[in-house]
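Chemist: Pasting a structure below so you can have a look.
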Amino acid sequence: MIQTVIRNDEIAPGTFLLAVERQHDFQPGETVKVGLDDALPPRIYSICSGNQEDELRVLFNIKEEGALTPNLAQLQPGDPVMVSEPGGSFSGTADPAVWIATGTGIAPFYSMLHSGLAANKTLLHGVRLAEQFYFSPEWEEALGDHYHRFCSKEDVAGIPRGRVNLYLDRAALPANQKYYICGQATMCVEVRDLLIAKGIPFGNIVVEIYF
Amino acid sequence: MVPVMKPALFGKNLTELTDLALALGLPKFTGKQLAGWLYHKQVDSIADMSNLSKKARELLEDQYCIGVHEPVKVQASTDGTKKYLFETDAEQFIETAMIPDKERRTVCVSSQVGCKMGCLFCMTGKQGFQGQLTAGEIVNQIRSIAERDEVSNIVYMGMGEPFDNLDEVLKSIEILTSEWGYAMSPRRITVSSIGITPGLVRFLRECEAHLAISLHTPFHAERQQLMPVQIAYPLQEVIDEIKQWDFSGQRRVSFEYIVFHGLNDTPQHVQELVRMLNGIRCRINLIRFHPIPGTPLIGTDEQTLQGFKDQLNNKGLFTTIRASRGQDIFAACGLLSTKALQAEAAKR
């Protein structure tokens, strides 16, 4: 359905948080399809807002060679944008879990955070550049010592240089809790393989790949 | 200075060949002549296009190359299957399998370098995604193998998810099936997908080739564990779409089902498959699981496999067991991977 853009803020270089009015109920972790017109196929984005908020937001970054995102980035308040009903099944629960994200793969977990599901959670967020630690003040406040950041392409004081594997390799990982992984394909597959190698049953691993 | 690679003629459709001829100031019919040289006579150089004027050949050579690539390695299985390794223009590697069976020569082509889909049971998925193939690079996997003149069937079941590179896949099928191209029947081509619904709709609308869907379990939660795509594009949505199309004629739809021990080989799975596929004229291909490193999955035993097949057939679902081919050279279903070569290339 066609909605009206409320805000489209560039929260980091090339990364935008697009807001429209929330029209439907959804489970935190679900996705919507976002498009501009019938000429370009819509893309699927995780909802990046709480399920009781008035706004529904999505987090996206500009794909230089992409057809959709450079145009999405141009949207101004008042412009029309196509947003589907929510769907998908990457759904969070109140049970203890480890959330693992790279880049904008943080979005579904941010929705879970703002839907009251952050208790008993550990978040691992891997990025290339420090500017991509989206919403880090809120994460620090909500998760404290259970918020772990990793930066692979630059040195940042107090943050390990490398990927989320740095943590997973060393940590004692409970086999009886869920591990949610969200991000690009290579990271998701590597992390899933690492978790399986460490004895986590694959039934306790939930993967959402950004196709 | 890095040499600039000229664009390839191979892989262009008739419209593109005609447009480039006109842009060079050549007659419109040159487009059809080029298609004939590329896809009927399969020449190796522009100089061999002897019915073009010398000036036309010079103009073409100045701006284009043929763009075909010989395989860089060939492995032969004890069962006659061959695995070809190709290097792409982007210095990446893909694999192609040629599977002989009596008079048939089936070529299993790749559509991407690596794959984004991350299926738990697939070696290609463990490689991650490195890039898209062009239509020319897809068709080249048929054009440049030793058996090119004997190929009877083509299956898009190699590395990659075809519906994630649909523009190039459709263009490659256009080249393979058009009169100006290889003039193959689309009924000799099968495209296999894990079921990306928007791509599925477009494929069914724009193409006549057969469709195969990687199903593997009819239950949502199980499929989500095996195939992350289930989160974004649930199987039920795929089945609902397929039910909108007519497969009662020559066009076929089949469902691929790797059978895992204790996971998807129970009577409940039979029952749910029968319910889910009710109303679709289709075939189920049961596939033996070929173990990959680090996998928590185990293939079902032969007795259970046969029993599972019989139960499905008894319920009216036409079901066969696909023969495993090329397992000794890692050419069998789910085993194609160029991860090690990609890593070496990255170091260089």
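Chemist: Hey, could you check the range B:134-152 for residues that are under 20 Å from B:LEU341 (Cα atoms) and within 11 Å of the chain's Cα centre (by Cα) and say which is nearest to the other protein chains (Cβ to nearest Cβ)?
Modeler: B:ILE138
Chemist: Just to verify a result, which residue in the range B:207-248, among those that are free of Cβ contacts under 8 Å to residues at least 60 places away in the same chain, within 17 Å of the chain's Cα centre (by Cα) and outside any loop (DSSP other than H, G, I, E, B), is nearest to the other protein chains (Cβ to nearest Cβ)?
Modeler: B:ILE213
Chemist: A further question on this structure: Give the range B:123-133 a look and list any residue that's within 10 Å of chain A (Cβ to nearest Cβ) and either part of a loop (DSSP other than H, G, I, E, B) or more than 16 Å from B:GLU91 (Cα to Cα) (or both), or say none. Full working, then the answer.
Modeler: Step one: list which residues in the range B:123-133 are within 10 Å of chain A (Cβ to nearest Cβ), which gives B:125-130.
Of everything in the range B:123-133, those that are within 10 Å of chain A (Cβ to nearest Cβ) and either part of a loop (DSSP other than H, G, I, E, B) or more than 16 Å from B:GLU91 (Cα to Cα) (or both) turn out to be B:GLY125, B:LYS126, B:GLN127, B:GLY128.
Chemist: Test B:VAL107 against the criterion of being surrounded by 20 or more Cβ atoms within 10 Å (Cβ to Cβ) and within 14 Å of chain A (Cβ to nearest Cβ), and give yes or no.
Modeler: Values: surrounded by 20 or more Cβ atoms within 10 Å (Cβ to Cβ): yes; within 14 Å of chain A (Cβ to nearest Cβ): no.
It is false that B:VAL107 is surrounded by 20 or more Cβ atoms within 10 Å (Cβ to Cβ) and within 14 Å of chain A (Cβ to nearest Cβ).
Chemist: Just checking, how many residues over the range A:119-132 are in contact with a Gly (Cβ under 9 Å, 6 or more places away or on another chain) and part of a loop (DSSP other than H, G, I, E, B)?
Modeler: Looking only at that region, the number is 1.
Chemist: Within the range A:15-46, restricting attention to residues that are among the β-branched types (Val, Ile, Thr) and within 13 Å of chain B (Cβ to nearest Cβ), which residue is farthest from A:SER91 (Cα to Cα)? Show your work before the answer.
Modeler: First, pick out the residues of the range A:15-46 that are among the β-branched types (Val, Ile, Thr): A:15, A:20, A:31-32, A:34, A:44.
Within this subset, residues satisfying the condition of being within 13 Å of chain B (Cβ to nearest Cβ) are A:31-32, A:44.
Numbers: A:THR31: 10, A:VAL32: 13, A:ILE44: 15 Å.
Looking at the filtered set, the residue picked out is A:ILE44.
Chemist: Of everything in the range A:53-86, what is within 16 Å of A:MET112 (Cβ to Cβ) and crowded, with 17+ Cβ neighbours inside 10 Å? Give them in sequence order.
Modeler: Listed by number, the residues that qualify are A:LEU56, A:ARG57, A:VAL58, A:LEU59, A:PRO86.
Chemist: Determine whether the range B:260-276 contains at least one residue that is surrounded by 15 or more Cβ atoms within 10 Å (Cβ to Cβ), assigned to a strand (DSSP E or B) and within 14 Å of chain A (Cβ to nearest Cβ).
Modeler: Scanning the range B:260-276 turns up at least one residue that is surrounded by 15 or more Cβ atoms within 10 Å (Cβ to Cβ), assigned to a strand (DSSP E or B) and within 14 Å of chain A (Cβ to nearest Cβ).
Chemist: May I pose another question? Out of curiosity, is A:ALA101 modelled with pLDDT of 95 or more, aliphatic (A, V, I, L, M), surrounded by fewer than 20 Cβ atoms within 10 Å (Cβ to Cβ) and in contact with a strand residue (DSSP E or B) (Cβ under 8 Å, 6 or more places away or on another chain)? Outline the logic, then answer.
Modeler: On the way: modelled with pLDDT of 95 or more: yes; aliphatic (A, V, I, L, M): yes; surrounded by fewer than 20 Cβ atoms within 10 Å (Cβ to Cβ): no; in contact with a strand residue (DSSP E or B) (Cβ under 8 Å, 6 or more places away or on another chain): yes.
So A:ALA101 fails the test.
Chemist: Would you call B:LEU120 over 18 Å from B:GLU168 (Cα atoms), touching a helix residue (DSSP H, G or I) at 6+ places or on another chain (Cβ under 7 Å), assigned to a loop (DSSP other than H, G, I, E, B) and within 14 Å of chain A (Cβ to nearest Cβ)?
Modeler: Details: over 18 Å from B:GLU168 (Cα atoms): yes; touching a helix residue (DSSP H, G or I) at 6+ places or on another chain (Cβ under 7 Å): yes; assigned to a loop (DSSP other than H, G, I, E, B): yes; within 14 Å of chain A (Cβ to nearest Cβ): yes.
Taking the combined requirement at face value, the residue satisfies it.
Chemist: Are there helices (runs of 4 or more DSSP H) fully within the range A:133-211 with at least 3 residues that are on the phi < 0 side of the Ramachandran plot, buried (at least 18 other Cβ atoms within 10 Å of the Cβ) and within 13 Å of another protein chain (Cβ to nearest Cβ)? List them.
Modeler: A:185-197
Chemist: On the basis of being under 30 Å from A:ARG192 (Cα atoms), away from chain A (no Cβ under 14 Å) and in a strand (DSSP E or B), does B:VAL155 make the cut? Steps first, answer last, please.
Modeler: Numbers: under 30 Å from A:ARG192 (Cα atoms): yes; away from chain A (no Cβ under 14 Å): yes; in a strand (DSSP E or B): yes.
For B:VAL155, the condition - under 30 Å from A:ARG192 (Cα atoms), away from chain A (no Cβ under 14 Å) and in a strand (DSSP E or B) - is met.
Chemist: For A:THR102, which of the numbered conditions (1) within 14 Å of chain B (Cβ to nearest Cβ); (2) more than 15 Å from the chain's Cα centre (by Cα) fails to hold?
Modeler: (2)
Chemist: Something else: Only one of A:GLY78, A:GLY87, A:GLY92 is within 14 Å of another protein chain (Cβ to nearest Cβ) and in contact (Cβ under 8 Å) with a residue 60 or more places away in the chain. Can you tell me which?
Modeler: Answer to the check: A:GLY92.
Chemist: Against the definition (part of a loop (DSSP other than H, G, I, E, B), touching a residue at least 12 places away in the same chain (Cβ under 8 Å) and buried (at least 23 other Cβ atoms within 10 Å of the Cβ)), how does A:GLY50 come out, yes or no? Lay out the reasoning, then the answer.
Modeler: Values: part of a loop (DSSP other than H, G, I, E, B): yes; touching a residue at least 12 places away in the same chain (Cβ under 8 Å): yes; buried (at least 23 other Cβ atoms within 10 Å of the Cβ): no.
In short, no.
Chemist: Write out, first by first residue and then by second, each pair whose Cβ atoms fall under 8 Å of each other, whose residues are 6+ apart or on separate chains, and whose first residue, in the range A:30-46, is more than 18 Å from A:ALA107 (Cβ to Cβ) while the second is of a type outside the set (A, V, I, L, M).
Modeler: Close Cβ pairs satisfying both conditions: A:LEU36/A:ASN71; A:LEU40/A:ASN71; A:PRO41/A:GLY35; A:PRO41/B:PRO198.
Chemist: In the range B:289-348, what residues are basic (Lys, Arg), modelled with pLDDT under 95 and touching a strand residue (DSSP E or B) at 6+ places or on another chain (Cβ under 6 Å)? I'd like the intermediate steps shown before the answer.
Modeler: Initially, the range B:289-348 is screened for residues basic (Lys, Arg), giving B:309, B:315, B:322, B:325, B:339, B:347-348.
Now drop any that are not modelled with pLDDT under 95, which leaves B:322, B:325, B:339, B:347-348.
Across the range B:289-348, the qualifying residues are B:ARG322, B:ARG325.
Chemist: Residue check: is B:ILE321 within 14 Å of another protein chain (Cβ to nearest Cβ) and either surrounded by 17 or more Cβ atoms within 10 Å (Cβ to Cβ) or within 25 Å of B:GLN250 (Cβ to Cβ) (or both)?
Modeler: Numbers: within 14 Å of another protein chain (Cβ to nearest Cβ): no; either surrounded by 17 or more Cβ atoms within 10 Å (Cβ to Cβ) or within 25 Å of B:GLN250 (Cβ to Cβ) (or both): yes.
It is false that B:ILE321 is within 14 Å of another protein chain (Cβ to nearest Cβ) and either surrounded by 17 or more Cβ atoms within 10 Å (Cβ to Cβ) or within 25 Å of B:GLN250 (Cβ to Cβ) (or both).
Chemist: Ok, one more. Which pairs turn up if I take residues in the range B:161-175 that are among the aliphatic types (A, V, I, L, M) and look for partners that are buried (at least 20 other Cβ atoms within 10 Å of the Cβ) with beta carbon separation below 6 Å, at least 6 apart in sequence or on another chain?
Modeler: Filtered contacts from the range B:161-175: B:LEU166/B:GLY199; B:VAL169/B:SER111; B:VAL169/B:PRO162; B:ILE173/B:ALA209; B:ILE175/B:VAL139; B:ILE175/B:GLY181.
The values are calculated or read from the model by the stated rules, or taken from the named source; none is laboratory data. It should be emphasised that the depicted structure is a prediction, and the values quoted were computed from it without experimental measurement. Glycine gets a Cβ as well: all are built from the backbone with ideal geometry, and neighbour counts include every protein chain shown.
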